[in-house]
1. If the chain between Glu215 and Glu149 were fully stretched, how many nm would it gain, using 0.36 nm times the residue separation less the Cα-Cα distance?
2. Where the centroid of each part is defined by its Cα atoms, how far is the stretch 76-93 from the stretch 28-75 in Å?
3. Across 10 Å bins from the origin, how do the percents of Cα pairs in the stretch 6-101 run, short distances first?
4. Classify the stretch 132-240: rounded, prolate or oblate, from the alpha-carbon gyration tensor (a ≥ b ≥ c, eigenvalue square roots; a/c under 1.5 rounded; otherwise prolate if a/b is larger than b/c)?
5. How would Arg276, Arg185, Arg84, Arg205 line up from fewest to most surrounding beta-carbon atoms within 10 angstrom?
6. When the distances between all Cα atoms of the stretch 146-193 are binned every 10 Å from zero, what whole-number percent does each bin get?
7. By the scheme Lys and Arg +1, Asp and Glu -1, what is the net charge of all other residues having a beta-carbon under 13 Å from that of Arg111?
8. Please order Thr139, Thr267 by the number of other Cβ within 10 Å, starting at the fewest.
Amino acid sequence: MQQNTRNTIFIEDAEILSQQAFEAEQYVLRLHAPKCAASAKAGQFAHIQCDPQRPMRRPLSIMRVSASEGWVEFLYKAVGEGTRLLSQRSCGEQVSVMGPIGRPFELLADRPKALLLGGGVGIPPMIALSEEIKDQQPTISPVVFMGSEVPFPFTRDASALPVNGLSEAVSDCLRLLEDWAIPSRLASLQDYEGVYQGYITDLARDYLNAMSDTERQQVAIYSCGPTPMLKAVAALAKEFQLPCQVSLEEYMACAVGGCAGCVVKVTNEDGEAMKRVCVDGPVFEANTVFNEQ
């Protein structure tokens with residue numbers, strides 16, 4: 001993972017095209033930001049000024065992008081003053097956007113079965129990666145599992161696309177992925193009908209256990225979510241000896257590598273090093289970040 005993306009970061013005034021509200025103060029924001037859209041990749045994020053009175057920006061993962069139409073879409077949760085102010089912004093208003101930022105996911109061509117695991121606000125990069133696979137990597141077959149402990153920020157539907165190893169009772173999917181012919185299933189501890197009752201990693205384990213050894217050797221895992229979930233994903237990848245990339249969530253100030261406020265310890269063949277999540281990541285090999293399993 002050697003890509004250098006720092007020369008493709010732009011600052012632009014972006015027009016709000018739409019802002020959809022969902023339960024639990026979750027929002028899907030679409031911005032007309034053609035410079036960001038032109039080069040954005042799955043796993044990257046943008047640093048957004050939520051309100052003119054709040055100069056400190058907030059990092060939001062990119063969920064969807066259209067380079068041809070010049071828009072970028074984000075899913076976020078209003079958890080602090082900045083994102084609450086952003087949630088009150090209206091269509092036609094402008095927000096300052098810096099992006100795209102960071103190292104994206106790198107799909108492994110020799111692992112044509114992609115297992116995508118997204119938890120909470122880690123769902124957007126998995127949708128972005130699904131769309132990237134659909135549009136650019138037709139030889140890769142993705143399966144997407146998403147978990148949430150608040151209501152999912154989309155309408156749940158019963159899937160017509162089978163996923164081996166799972167109970168028929170685990171039926172609900174994300175309609176957008178279903179329309180793209182990408183199988184998806186949902187996990188939660190909140191006892192939602194049609195949703196796997198448990199952790200997303202347990203759902204993934206059932207799926208992997210149903211495969212033959214030959215099939216599993218074709219799998220790579222890509223994941224984003226809270227740190228405890230990513231630790232569990234890294235342990236799962238180690239259990240099945242699968243390559244795994246994780247997109248880390250971290251508090252950020254500058255988001256362009258200047259303040260070093262988002263460093264994480266990484267261990268590789270050269271030893272230990274402190275890496276900045278914003279520009280050295282946010283995507284890392286899981287075994288370099290979570291190596292104490």
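1. Values: separation 66, 0.36 × 66 = 23.76 nm, distance 3.10 nm.
Working it through step by step, the gained length comes to 20.7 nm.
2. One Cα centre to the other: 13 Å.
3. In order of increasing distance, the bins hold 18, 56, 25, 1 percent.
4. Note, shape of the stretch 132-240 comes out rounded.
5. Numbers: Arg276 22, Arg185 26, Arg84 13, Arg205 16.
In increasing order of surrounding Cβ atoms, one gets Arg84, Arg205, Arg276, Arg185.
6. In whole percents, the pair-distance histogram is 27, 59, 15.
7. -1
8. Details: Thr139 8, Thr267 14.
In order of increasing Cβ crowding within 10 Å: Thr139, Thr267.
Throughout, read-outs are computed from the coordinates displayed, never taken from laboratory work. Since the structure is predicted, the reported quantities are computational estimates derived from the model, not experimental observations. No Cβ is skipped: glycine too gets one built from the backbone with ideal geometry, and neighbour counts run over all protein chains shown.
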